[in-house]
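Structure, as structure tokens:
The values are calculated or read from the model by the stated rules, or taken from the named source; none is laboratory data. Note that the coordinates shown come from a computational prediction; the quantities given were computed from them, not determined experimentally. Using ideal geometry, Cβ is built from the backbone for each residue, glycine included, and neighbour counts are taken over all protein chains shown.
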Amino acid sequence: MPVKLTPRDIEALIVAMKRGEEYKPWQVAKREVFREYGIAGTVKDKIFTAMMYRAWSLQGLLDRVVEKAVGVSVEKLDAYTRAAARIYAFQRLIAHREGHEDITVWMEEFTPRILAKLGGDPDIFKMLVERIEEARTAIDPLEERLMVSRFIYERVASFIGENEAETLFQFVNSWVPPLSLRVNTLKTTVGNVVKWLRRLGYKPRVSPFVETVVKIERGELRPEVFKLVRRGFAVLQDDASAAASLLLAPRPGETIVDLCAAPGGKTSHLAELTRLKSHIIAFEPYPDRAAKLRETLERVGADRVVDIVMGDGRRAPDMLGEEVADAVLVDPPCSSTGTIAKNPDVRWRLKPEELEKITKLQRELLEAAYRIVKPGGRILYSVCSLLREEGEDIISWLLSKYHGRVKPLEPNPPLFDPSPLQPWARRAWPHRHRTSGFYYALLVKQA
């Protein structure tokens, strides 16, 4: 029997979609909203969660349909109307084909009043209802099939070939990444964490790539799992992310600079690997993120060996001086396309002009790293991206600009796979390694 919904139920769905756009991960925002509206853990929770995940996965596709129907860019709509429009477009165009609950009649009846109450635009929603069938032609069959923007698909396909690109996107569309915990060996052992998780009823698996990363299937995560994080016994970090610190191979006694440090997973790992016997300088330009970085370091017990610098990593040569670091980690802001399995909105938000801005920032941060590292010192560049523009191309630019003054090193351990373009660089692939997509290049500055 079809579920019967109330205006309050539809309001909860719209508010959850709106909050999910503002706060990441969207699943956490959704849970908070559903608790507020009293539907957490109910059949309605299950129905709405499935719809929301698919709507986020198809966000760019749905946005184009909405824009064609109402004649206004989705980004110019208020947040509540945008949320309602996306979930309604999904209901009308996609949901019935995939076996989702049909809530169209409830949305059409209740949403205009709900939007008026929340300060949205009921007239835009009514226009969408009237014109959505005409706007169906805005759907790109490739984007619908692979659930990713044509721009991202074409960039990846030109890099690794159409067949493997298809395999990659088909995999991430069905894969639910496990929860990954990097055990903090300053406070406990992998064995202890594995035993504790087993007592809670989980079947933990140790990563084959990073021996301190433990994975559990998400399912219904119990609050006790996150006690490990709050008490500093573990950090939420998957093996592809944790691999960056291992590849830099930090040593006790070194001065190490992390140019893009928050929220602190890699910074704290560097401190742990050197057993708190190195001096780490961590850059973070934003006060709120610097506060999160400090919290992470305090939880894991690494705060006394890390100096947090409130500043842009690109200014590191001016703030620290030239050739002062033994090792530098550059893990810059990026497209995050390596995380599309767990962050579905990433599939759609990258545009050509945004990619240009990101890669400019990445080059500037990498050049700052070159300037502050000592002769003979190491630079590890890592980026959570599937795109060569943010990985191989950035490193090729630096090697060309400073030809003969910096060279690549073979990483040890040689984790994951060689880059298809640079055999000395490494690539982690979701469909090959069951982890986030990452690129790594280890460089040494010549004396």
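For segment 310-330, filtering for residues that are surrounded by 15 or more Cβ atoms within 10 Å (Cβ to Cβ) and either among the hydroxyl-bearing types (Ser, Thr, Tyr) or farther than 23 Å from residue 375 by Cβ (or both) leaves 2. Scanning segment 217-252 for residues that are crowded, with 16+ Cβ neighbours inside 10 Å, in contact with a strand residue (DSSP E or B) (Cβ under 6 Å, 6 or more places away or on another chain) and of a type outside the set (Val, Ile, Thr) turns up 228, 234, 237, 238, 239, 240, 242, 244, 247, 248, 250. For first residues located in segment 325-345 and under 18 Å from residue 264 (Cβ atoms), partners that are modelled with pLDDT under 95 and not in a loop (DSSP other than H, G, I, E, B) and lie 6+ apart or on another chain with Cβ distances below 8 Å form the pairs 336/346; 339/346. Within segment 398-414, restricting attention to residues that are among the aliphatic types (A, V, I, L, M) and assigned to a strand (DSSP E or B), the residue that is farthest from residue 246 (Cα to Cα) is 406. Between 168, 146, the distinction of being surrounded by 16 or more Cβ atoms within 10 Å (Cβ to Cβ), at pLDDT below 95 and under 16 Å from residue 387 (Cβ atoms) belongs to 146 only. In this structure, does residue 283 turn out to be buried (at least 22 other Cβ atoms within 10 Å of the Cβ), within 30 Å of residue 386 (Cβ to Cβ) and over 19 Å from the mean Cα position of the chain (by Cα)? Yes, satisfied. Screening 426, 388, 432 for residues that are surrounded by 15 or more Cβ atoms within 10 Å (Cβ to Cβ), under 20 Å from the mean Cα position of the chain (by Cα) and free of Cβ contacts under 8 Å to residues at least 24 places away in the same chain leaves exactly one candidate, 432.
From the list 189, 212, the one residue that fits, being in contact with a strand residue (DSSP E or B) (Cβ under 8 Å, 6 or more places away or on another chain), modelled with pLDDT of 95 or more, surrounded by fewer than 16 Cβ atoms within 10 Å (Cβ to Cβ) and not aromatic (Phe, Trp, Tyr), is 189.
Where helices (runs of 4 or more DSSP H) sit wholly within segment 1-97, those with at least 1 residues that are of a type outside the set (Lys, Arg), surrounded by fewer than 15 Cβ atoms within 10 Å (Cβ to Cβ) and at pLDDT below 95 occupy 7-22, 26-36, 43-57. For residue 350, the criteria (1) surrounded by 17 or more Cβ atoms within 10 Å (Cβ to Cβ); (2) under 23 Å from residue 251 (Cα atoms) hold in every case but one, which is (2). When you check residue 179 against the structure, is it over 30 Å from residue 325 (Cβ atoms), surrounded by 16 or more Cβ atoms within 10 Å (Cβ to Cβ) and in contact with a strand residue (DSSP E or B) (Cβ under 6 Å, 6 or more places away or on another chain), yes or no? Here the answer is yes, as residue 179 does meet what is asked.
Scan segment 293-304 for residues that are surrounded by fewer than 20 Cβ atoms within 10 Å (Cβ to Cβ) and in a helix (DSSP H, G or I) and the total you get is 5.
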